[in-house]
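In what follows, a single structure is set out as C-alpha coordinates and then discussed.
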Amino acid sequence: MGPARHRRPCPALGRLRGAGYLLLAAALSGCALDGALAPRGSGAATIAGVWWYMFWVGAAVFVGWLAVLGWGLLRPRGQEAADAEHEARVHRRFIVGGGIVLPVIVLGSLFGYNLSALLALPRGGDVVVDVTGYQYWWEVAYPEAGFVTANEMYIPTDTDVRVRLHSEDVIHSFWVPQLGGKRDLVPGHVNELTLRATEPGRYLGECAEFCGIQHANMRFEVVAVAPVEYDAWLDRMARPAPGPDTPDERAGHEAFMTSSCAACHTIRGTPAEGRLGPELTHFARREWLGAGVAPNERGHLGGWVVDSQTLKPGNLMPPVEVDARRLPQLLTYLESLK
Ligand code: CUA
(Lines give C-alpha, C1' and ligand atoms only; values in the text may rest on other atoms or scores of the structure.)
Protein backbone atom coordinates (compact mmCIF):
# COMPACT_ATOMS: atom_id res chain seq x y z
CA MET A 1 0.00 0.00 0.00
CA GLY A 2 1.48 3.39 -1.03
CA PRO A 3 1.04 6.48 1.11
CA ALA A 4 -1.39 7.96 -1.47
CA ARG A 5 -3.86 5.14 -0.83
CA HIS A 6 -3.92 6.01 2.82
CA ARG A 7 -5.08 9.51 2.12
CA ARG A 8 -7.88 8.53 -0.24
CA PRO A 9 -11.16 8.66 1.74
CA CYS A 10 -12.89 5.33 1.89
CA PRO A 11 -16.68 5.82 1.60
CA ALA A 12 -17.46 2.65 3.56
CA LEU A 13 -15.15 3.76 6.36
CA GLY A 14 -16.82 7.19 6.34
CA ARG A 15 -20.23 5.59 6.70
CA LEU A 16 -18.94 3.41 9.51
CA ARG A 17 -17.54 6.46 11.29
CA GLY A 18 -20.90 8.25 10.79
CA ALA A 19 -22.70 5.31 12.38
CA GLY A 20 -20.17 5.40 15.23
CA TYR A 21 -20.91 9.08 15.89
CA LEU A 22 -24.65 8.33 15.84
CA LEU A 23 -24.18 5.55 18.38
CA LEU A 24 -22.00 7.82 20.52
CA ALA A 25 -24.65 10.56 20.37
CA ALA A 26 -27.34 8.05 21.31
CA ALA A 27 -25.24 6.76 24.21
CA LEU A 28 -24.51 10.29 25.42
CA SER A 29 -28.16 11.34 25.20
CA GLY A 30 -28.99 8.18 27.13
CA CYS A 31 -26.85 9.53 29.97
CA ALA A 32 -29.28 12.41 30.41
CA LEU A 33 -32.65 10.77 29.85
CA ASP A 34 -35.44 13.23 29.36
CA GLY A 35 -39.04 13.21 28.27
CA ALA A 36 -41.02 10.01 28.45
CA LEU A 37 -38.01 8.07 29.76
CA ALA A 38 -37.59 10.39 32.74
CA PRO A 39 -41.07 10.04 34.26
CA ARG A 40 -42.17 12.38 37.04
CA GLY A 41 -45.76 11.17 37.10
CA SER A 42 -47.32 7.83 37.94
CA GLY A 43 -48.91 7.38 34.48
CA ALA A 44 -45.64 8.15 32.69
CA ALA A 45 -43.74 5.80 35.04
CA THR A 46 -46.09 2.94 34.16
CA ILE A 47 -45.71 3.66 30.44
CA ALA A 48 -41.91 3.92 30.75
CA GLY A 49 -42.00 0.50 32.44
CA VAL A 50 -43.65 -0.97 29.33
CA TRP A 51 -41.03 0.72 27.15
CA TRP A 52 -38.12 -0.70 29.16
CA TYR A 53 -39.71 -4.15 29.23
CA MET A 54 -40.00 -4.08 25.43
CA PHE A 55 -36.43 -2.78 25.14
CA TRP A 56 -34.85 -5.52 27.29
CA VAL A 57 -36.93 -8.33 25.77
CA GLY A 58 -36.09 -7.01 22.28
CA ALA A 59 -32.40 -6.77 23.21
CA ALA A 60 -32.39 -10.33 24.60
CA VAL A 61 -34.07 -11.72 21.45
CA PHE A 62 -31.60 -9.80 19.27
CA VAL A 63 -28.55 -11.06 21.17
CA GLY A 64 -29.95 -14.62 21.20
CA TRP A 65 -30.42 -14.68 17.45
CA LEU A 66 -27.01 -13.12 16.88
CA ALA A 67 -25.58 -16.03 18.88
CA VAL A 68 -27.49 -18.57 16.78
CA LEU A 69 -26.35 -16.83 13.60
CA GLY A 70 -22.75 -16.83 14.83
CA TRP A 71 -22.97 -20.52 15.68
CA GLY A 72 -24.36 -21.28 12.22
CA LEU A 73 -21.56 -19.39 10.51
CA LEU A 74 -18.64 -20.49 12.65
CA ARG A 75 -19.30 -24.12 13.53
CA PRO A 76 -16.90 -26.64 11.97
CA ARG A 77 -17.75 -27.53 8.37
CA GLY A 78 -18.09 -31.01 6.94
CA GLN A 79 -20.17 -32.51 9.74
CA GLU A 80 -23.58 -31.49 8.35
CA ALA A 81 -24.18 -34.67 6.39
CA ALA A 82 -22.75 -37.01 9.01
CA ASP A 83 -26.12 -37.71 10.56
CA ALA A 84 -28.89 -36.44 8.28
CA GLU A 85 -31.68 -37.57 10.57
CA HIS A 86 -30.19 -35.80 13.61
CA GLU A 87 -29.73 -32.67 11.49
CA ALA A 88 -33.39 -32.72 10.41
CA ARG A 89 -34.48 -33.07 14.07
CA VAL A 90 -32.40 -30.04 15.07
CA HIS A 91 -33.92 -28.03 12.20
CA ARG A 92 -37.45 -28.97 13.29
CA ARG A 93 -36.70 -27.94 16.88
CA PHE A 94 -35.42 -24.58 15.67
CA ILE A 95 -38.53 -23.99 13.60
CA VAL A 96 -40.94 -24.99 16.38
CA GLY A 97 -38.93 -23.33 19.16
CA GLY A 98 -37.92 -20.13 17.38
CA GLY A 99 -40.99 -19.78 15.17
CA ILE A 100 -43.80 -20.76 17.56
CA VAL A 101 -42.80 -21.29 21.21
CA LEU A 102 -40.54 -18.25 21.62
CA PRO A 103 -42.89 -15.75 19.88
CA VAL A 104 -45.84 -17.05 21.94
CA ILE A 105 -43.87 -16.58 25.17
CA VAL A 106 -42.46 -13.16 24.20
CA LEU A 107 -45.67 -11.69 22.73
CA GLY A 108 -47.85 -13.33 25.41
CA SER A 109 -45.78 -11.85 28.25
CA LEU A 110 -45.75 -8.48 26.51
CA PHE A 111 -49.54 -8.61 26.14
CA GLY A 112 -49.92 -9.50 29.83
CA TYR A 113 -47.52 -6.75 30.91
CA ASN A 114 -49.32 -4.21 28.70
CA LEU A 115 -52.70 -5.20 30.09
CA SER A 116 -51.55 -4.85 33.70
CA ALA A 117 -49.95 -1.47 32.87
CA LEU A 118 -53.19 -0.31 31.27
CA LEU A 119 -55.11 -1.21 34.42
CA ALA A 120 -52.49 0.47 36.62
CA LEU A 121 -52.80 3.88 34.88
CA PRO A 122 -54.38 6.55 37.11
CA ARG A 123 -58.05 7.26 36.47
CA GLY A 124 -60.58 9.88 37.57
CA GLY A 125 -59.48 12.47 40.13
CA ASP A 126 -60.98 15.16 42.36
CA VAL A 127 -59.27 18.13 40.73
CA VAL A 128 -60.89 18.83 37.35
CA VAL A 129 -59.29 20.90 34.59
CA ASP A 130 -60.90 21.53 31.20
CA VAL A 131 -58.39 21.84 28.39
CA THR A 132 -59.54 23.01 24.97
CA GLY A 133 -57.36 22.82 21.87
CA TYR A 134 -57.35 25.64 19.33
CA GLN A 135 -55.15 26.18 16.29
CA TYR A 136 -52.50 26.65 17.81
CA TRP A 137 -52.84 27.15 21.56
CA TRP A 138 -54.47 25.68 24.64
CA GLU A 139 -57.25 27.08 26.77
CA VAL A 140 -57.05 25.84 30.35
CA ALA A 141 -60.17 26.24 32.51
CA TYR A 142 -60.62 25.54 36.23
CA PRO A 143 -64.41 25.11 36.52
CA GLU A 144 -64.52 24.97 40.34
CA ALA A 145 -62.39 28.07 40.85
CA GLY A 146 -64.24 29.72 37.94
CA PHE A 147 -61.46 31.08 35.76
CA VAL A 148 -59.77 30.45 32.44
CA THR A 149 -56.13 30.80 31.46
CA ALA A 150 -53.99 29.63 28.55
CA ASN A 151 -50.95 27.55 27.67
CA GLU A 152 -49.96 27.04 31.30
CA MET A 153 -51.59 24.59 33.63
CA TYR A 154 -50.90 24.36 37.36
CA ILE A 155 -51.61 21.11 39.17
CA PRO A 156 -51.04 19.99 42.76
CA THR A 157 -48.43 17.24 43.27
CA ASP A 158 -49.42 13.75 44.42
CA THR A 159 -53.01 14.37 43.40
CA ASP A 160 -55.04 12.76 40.63
CA VAL A 161 -55.98 15.56 38.23
CA ARG A 162 -58.79 14.76 35.83
CA VAL A 163 -58.10 16.60 32.57
CA ARG A 164 -61.17 16.84 30.33
CA LEU A 165 -60.10 17.36 26.74
CA HIS A 166 -62.09 19.35 24.18
CA SER A 167 -61.38 20.77 20.74
CA GLU A 168 -62.83 23.85 19.06
CA ASP A 169 -61.56 23.12 15.55
CA VAL A 170 -59.53 20.09 14.45
CA ILE A 171 -58.08 17.04 16.20
CA HIS A 172 -55.18 17.81 18.54
CA SER A 173 -53.43 15.57 21.02
CA PHE A 174 -52.50 16.39 24.61
CA TRP A 175 -49.14 15.01 25.70
CA VAL A 176 -46.94 15.74 28.70
CA PRO A 177 -44.27 13.06 28.22
CA GLN A 178 -42.94 13.20 31.80
CA LEU A 179 -46.39 12.95 33.38
CA GLY A 180 -48.60 10.66 31.33
CA GLY A 181 -49.69 9.24 28.02
CA LYS A 182 -51.16 10.98 24.99
CA ARG A 183 -54.84 11.58 24.47
CA ASP A 184 -56.58 13.14 21.47
CA LEU A 185 -58.79 16.22 21.63
CA VAL A 186 -61.64 15.49 19.27
CA PRO A 187 -64.23 18.11 18.20
CA GLY A 188 -67.67 17.29 19.60
CA HIS A 189 -66.40 14.68 22.03
CA VAL A 190 -64.89 14.87 25.51
CA ASN A 191 -61.89 12.66 26.25
CA GLU A 192 -60.30 12.32 29.65
CA LEU A 193 -56.80 11.80 30.93
CA THR A 194 -55.63 11.66 34.53
CA LEU A 195 -52.31 13.28 35.44
CA ARG A 196 -50.56 12.62 38.73
CA ALA A 197 -47.26 14.41 39.22
CA THR A 198 -45.01 12.80 41.80
CA GLU A 199 -42.47 15.64 41.86
CA PRO A 200 -42.86 19.40 41.64
CA GLY A 201 -41.50 20.99 38.46
CA ARG A 202 -42.29 22.58 35.11
CA TYR A 203 -43.12 19.96 32.50
CA LEU A 204 -43.24 20.56 28.78
CA GLY A 205 -46.46 19.56 27.07
CA GLU A 206 -47.08 19.51 23.36
CA CYS A 207 -49.62 18.80 20.70
CA ALA A 208 -48.96 15.30 19.41
CA GLU A 209 -51.36 15.20 16.48
CA PHE A 210 -50.66 17.13 13.28
CA CYS A 211 -53.20 19.96 13.28
CA GLY A 212 -51.91 22.49 10.75
CA ILE A 213 -48.98 24.69 9.82
CA GLN A 214 -48.04 25.61 13.41
CA HIS A 215 -48.59 22.19 14.97
CA ALA A 216 -44.95 22.14 16.09
CA ASN A 217 -45.47 25.41 17.98
CA MET A 218 -48.46 24.25 19.98
CA ARG A 219 -46.79 23.75 23.32
CA PHE A 220 -47.78 24.31 26.91
CA GLU A 221 -46.37 23.86 30.37
CA VAL A 222 -47.71 21.87 33.26
CA VAL A 223 -46.46 23.33 36.51
CA ALA A 224 -46.71 20.88 39.39
CA VAL A 225 -46.54 22.54 42.81
CA ALA A 226 -47.25 21.53 46.41
CA PRO A 227 -51.00 21.55 47.21
CA VAL A 228 -50.66 24.66 49.46
CA GLU A 229 -48.93 26.57 46.67
CA TYR A 230 -51.57 25.34 44.23
CA ASP A 231 -54.38 26.74 46.40
CA ALA A 232 -52.58 30.10 46.57
CA TRP A 233 -52.23 30.08 42.79
CA LEU A 234 -55.96 29.33 42.36
CA ASP A 235 -56.85 32.24 44.68
CA ARG A 236 -54.70 34.66 42.76
CA MET A 237 -55.79 33.51 39.32
CA ALA A 238 -59.49 33.74 40.23
CA ARG A 239 -59.14 37.47 40.91
CA PRO A 240 -59.82 39.98 38.14
CA ALA A 241 -56.93 41.73 36.41
CA PRO A 242 -54.98 44.27 38.51
CA GLY A 243 -54.59 47.97 37.73
CA PRO A 244 -54.02 49.96 35.64
CA ASP A 245 -52.15 52.06 38.22
CA THR A 246 -49.52 54.27 36.56
CA PRO A 247 -50.15 56.84 33.77
CA ASP A 248 -48.36 54.56 31.27
CA GLU A 249 -50.45 51.56 32.32
CA ARG A 250 -53.61 53.63 32.03
CA ALA A 251 -52.63 54.79 28.53
CA GLY A 252 -51.80 51.19 27.57
CA HIS A 253 -55.13 49.99 28.97
CA GLU A 254 -56.90 52.62 26.87
CA ALA A 255 -54.91 51.51 23.78
CA PHE A 256 -55.88 47.88 24.40
CA MET A 257 -59.58 48.61 24.85
CA THR A 258 -59.84 50.85 21.78
CA SER A 259 -57.85 48.65 19.38
CA SER A 260 -58.62 45.26 17.85
CA CYS A 261 -57.04 43.53 20.94
CA ALA A 262 -60.23 43.69 22.99
CA ALA A 263 -62.29 42.09 20.22
CA CYS A 264 -60.37 38.80 20.51
CA HIS A 265 -59.05 38.65 24.09
CA THR A 266 -60.62 38.70 27.52
CA ILE A 267 -59.16 40.55 30.49
CA ARG A 268 -61.48 39.92 33.42
CA GLY A 269 -62.56 43.11 35.17
CA THR A 270 -62.29 45.19 31.99
CA PRO A 271 -64.57 45.70 28.96
CA ALA A 272 -62.35 43.29 26.93
CA GLU A 273 -64.39 40.11 26.53
CA GLY A 274 -63.27 38.63 23.22
CA ARG A 275 -63.16 34.85 23.06
CA LEU A 276 -61.19 34.19 19.85
CA GLY A 277 -57.72 34.34 21.38
CA PRO A 278 -56.18 33.34 24.71
CA GLU A 279 -57.47 34.95 27.89
CA LEU A 280 -54.99 37.58 29.12
CA THR A 281 -56.19 38.39 32.67
CA HIS A 282 -52.92 37.28 34.33
CA PHE A 283 -50.89 37.21 31.14
CA ALA A 284 -47.67 38.60 32.67
CA ARG A 285 -47.41 35.57 34.97
CA ARG A 286 -46.88 33.22 32.03
CA GLU A 287 -43.40 32.16 31.01
CA TRP A 288 -44.01 31.84 27.28
CA LEU A 289 -45.60 33.68 24.36
CA GLY A 290 -47.62 32.20 21.51
CA ALA A 291 -47.88 28.69 23.02
CA GLY A 292 -44.15 28.26 23.55
CA VAL A 293 -42.81 30.19 20.58
CA ALA A 294 -40.72 32.74 22.55
CA PRO A 295 -40.07 33.72 26.18
CA ASN A 296 -42.56 36.21 27.57
CA GLU A 297 -40.18 39.19 27.49
CA ARG A 298 -40.77 42.75 26.37
CA GLY A 299 -38.85 42.52 23.08
CA HIS A 300 -40.60 39.38 21.91
CA LEU A 301 -43.92 40.72 23.18
CA GLY A 302 -43.55 43.90 21.11
CA GLY A 303 -42.78 41.82 18.02
CA TRP A 304 -45.70 39.54 18.75
CA VAL A 305 -48.21 42.40 19.15
CA VAL A 306 -47.10 44.27 16.03
CA ASP A 307 -46.82 41.23 13.76
CA SER A 308 -47.12 37.81 15.36
CA GLN A 309 -46.97 36.26 11.87
CA THR A 310 -43.21 36.86 11.85
CA LEU A 311 -42.76 34.78 15.00
CA LYS A 312 -45.41 32.17 14.23
CA PRO A 313 -46.49 32.20 10.58
CA GLY A 314 -50.02 30.93 10.05
CA ASN A 315 -51.31 31.59 13.57
CA LEU A 316 -54.73 33.23 13.65
CA MET A 317 -53.75 36.58 15.20
CA PRO A 318 -53.70 39.42 12.65
CA PRO A 319 -51.10 42.21 12.89
CA VAL A 320 -52.20 44.96 15.31
CA GLU A 321 -52.09 48.53 14.05
CA VAL A 322 -50.86 50.52 16.98
CA ASP A 323 -49.36 53.96 17.05
CA ALA A 324 -45.57 53.80 17.63
CA ARG A 325 -45.85 56.11 20.64
CA ARG A 326 -48.54 53.99 22.24
CA LEU A 327 -46.85 50.60 21.71
CA PRO A 328 -44.53 50.93 24.75
CA GLN A 329 -47.53 51.89 26.88
CA LEU A 330 -49.51 48.93 25.59
CA LEU A 331 -46.59 46.63 26.45
CA THR A 332 -46.30 48.18 29.91
CA TYR A 333 -49.98 47.53 30.52
CA LEU A 334 -49.67 43.88 29.35
CA GLU A 335 -46.64 43.45 31.61
CA SER A 336 -48.69 44.70 34.56
CA LEU A 337 -51.21 41.87 34.21
CA LYS A 338 -49.79 39.77 37.02
CU1 CUA B 1 -52.60 20.94 17.73
CU2 CUA B 1 -50.98 19.65 16.57
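The values are calculated or read from the model by the stated rules, or taken from the named source; none is laboratory data. Predicted, not measured: the structure shown is a model, and the values here were computed from it. Cβ sites come from the backbone with ideal geometry, for glycine too, and all protein chains shown count toward neighbours. Note: accessible area is taken over every heavy atom of the protein model, side chains too, but ligands, DNA and RNA are not part of it. Shrake-Rupley method; radii C 1.70, N 1.55, O 1.52, S 1.80 Å.
Which order do the peptides 291-299, 174-182, 35-43 come out in when sorted by mean C-beta neighbours inside 10 angstrom, highest first? Provide the component values of the computation, followed by the final result.
Working: 291-299: 16.4, 174-182: 24.6, 35-43: 19.3.
With the highest mean Cβ count within 10 Å placed first, the list reads 174-182, 35-43, 291-299.
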Quiz prompt | Given charges at Cβ of Lys, Arg, Asp, Glu: the chain dipole, positive-most of Phe62, Leu276, Leu195 | solution = Phe62
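What is the dipole size for the chain, taken about its Cα centre, with +1 at each Lys and Arg Cβ and -1 at each Asp and Glu Cβ, in debye to the nearest 20? Please report the intermediate quantities before stating the final value.
Details: 31 positive and 35 negative charges, 374 e Å.
Here the size comes out at about 1800 debye.
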Practice problem: Taking only protein heavy atoms into account and a 1.4 Å probe, give the accessible area per residue of the stretch 247-335 in Å². | Solution: 49
Quiz prompt | Solvent-accessible surface (1.4 angstrom probe) belonging to Thr310, in square angstrom, nearest 10 | solution = 110
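Suppose all protein chains stay in the model; what accessible area per residue would a 1.4 Å probe give for the stretch 134-230, in Å²?
Numbers: 3840 Å² over 97 residues.
Counting only protein heavy atoms, the per-residue value for the stretch 134-230 is 40 Å².
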Practice problem: Sum up the charges of everything whose Cβ sits under 15 Å from the Cβ of Gly180, counting Lys and Arg as +1 and Asp and Glu as -1, but leave Gly180 out. | Solution: 0
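Compute the Cα gyration tensor for the stretch 247-335, then decide on rounded, prolate or oblate, letting a ≥ b ≥ c be the square roots of its eigenvalues: rounded whenever a/c is under 1.5, prolate when a/b is larger than b/c in the other cases, and oblate in all that remain. Working shown, then result.
Values: a/c = 1.35, a/b = 1.22, b/c = 1.10.
Verdict is rounded for the stretch 247-335.
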